[in-house]
1. Which of the following residues is surrounded by 16 or more Cβ atoms within 10 Å (Cβ to Cβ) and at pLDDT below 80: 35, 19, 3?
2. Hey, residue 63 hits all of (1) over 10 Å from the mean Cα position of the chain (by Cα); (2) free of Cβ contacts under 8 Å to residues at least 60 places away in the same chain but one; which does it fall short on?
3. Given 80, 57, which one is exposed (fewer than 12 other Cβ atoms within 10 Å of the Cβ) and within 30 Å of residue 105 (Cβ to Cβ)?
4. For segment 21-36, check the following and say yes or no: at least one residue is part of a helix (DSSP H, G or I), in contact with a strand residue (DSSP E or B) (Cβ under 6 Å, 6 or more places away or on another chain) and under 14 Å from residue 3 (Cα atoms).
């Protein structure tokens, strides 16, 4: 899973003072590398914990819910550092195991196969119905021809 965070100094109360105490002179830089590295390791730990306590299906289908859980955890911990998390975006969910991905696709493939089979049966039924109608019309015409000849 890949994620992106946008953070800033917590502007309320003693947020700026806390941020300076926790992150120091690095905050003066245009790109605060030490602060970003700390944020990255904090986010990684929270994302790993969130992923470990979530189902694979939830991670793939419910990114918004995971994003809210991650943001809530981060905001709670980083507020004490004088940091405010603006947003967390889950940019990618990747399944690295080919076998796991294939197994996850089984339900999808089974659903698609079931839908295709149902559609084929409907089409076959319609064709058989038309053929019976045509046969009935042909038989009726043949019977009428036979009746008029005798």
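The values are calculated or read from the model by the stated rules, or taken from the named source; none is laboratory data. Model, not experiment: these values are computed from the prediction. Cβ sites come from the backbone with ideal geometry, for glycine too, and all protein chains shown count toward neighbours.
1. Details: 35 fails: at pLDDT below 80; 19 fails: at pLDDT below 80.
Going through 35, 19, 3 in turn, just one is surrounded by 16 or more Cβ atoms within 10 Å (Cβ to Cβ) and at pLDDT below 80: 3.
2. (1)
3. Numbers: 80 fails: within 30 Å of residue 105 (Cβ to Cβ).
Going through 80, 57 in turn, the sole match is 57.
4. Applying the first criterion (part of a helix (DSSP H, G or I)) to segment 21-36 yields 21-28, 33-36.
Subset that is in contact with a strand residue (DSSP E or B) (Cβ under 6 Å, 6 or more places away or on another chain): none.
Among the residues of segment 21-36, not one is part of a helix (DSSP H, G or I), in contact with a strand residue (DSSP E or B) (Cβ under 6 Å, 6 or more places away or on another chain) and under 14 Å from residue 3 (Cα atoms), which makes the answer no.
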